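Below is one structure, written out as structure tokens; the observations come after it.
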Amino acid sequence: MFEKESKVHKDNIKRIKEYDEDLFSAFKTVEEATFAEYVTLELKYDYVKGVEGTAIRSKLDKILDKLSKSKIIPFNKLQVKAEDSESNNLLKDFDLLNLWYRSNLKVELKDKSKTIVSIDIFTKMRNELNKEFGL
């Protein structure tokens, strides 16, 4: 399963055309039908059952390549939910506009307290960052 969610302000929809003609057309159609301030598209693909995965991956690669070279980013939100090969192919949210990394950690608490043991959390945070970014 692959999901993609994009959010664009109505004034930036025309800029999407530079990234992908089909995506621009989808945003433009929704904007014209609703006159909304923001247009959000949520796309879902089952890439196991067809060639959709290859096509959407190609589009996404093209968009990311252009985003990396662009000074103006028309998207307010650009997220994908895809299988993470490092987590036994469980679904994971990837925010393509922000470099935030989120991980759930189980940390040690001080005895009879709700205070976190600092060395424990910092060690686990460092390990997670090393695993994710190869630091």
Residues that are at pLDDT 80 or above and either part of a helix (DSSP H, G or I) or under 17 Å from Asp93 (Cβ atoms) (or both), drawn from segment 60-74: Asp61, Lys62, Ile63, Leu64, Asp65, Lys66, Leu67, Lys69
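Scan Lys49, Lys77, Lys81, Lys44 and give me the residue that is modelled with pLDDT of 85 or more and not assigned by TED's automatic domain parsing to the domain that holds Glu128.
Lys77
Tell me which residues, restricted to segment 92-109, are in a strand (DSSP E or B) and within 12 Å of the chain's Cα centre (by Cα).
Quick first cut of segment 92-109, residues in a strand (DSSP E or B) only: 92-95, 109.
Residues satisfying the conditions are Lys92, Asp93, Phe94, Asp95.
The values are calculated or read from the model by the stated rules, or taken from the named source; none is laboratory data. As the structure is a prediction and not an experimental result, all values here were calculated from the model. Reconstructed Cβ throughout: ideal geometry from the backbone, glycine too, with neighbour counts over all protein chains shown.
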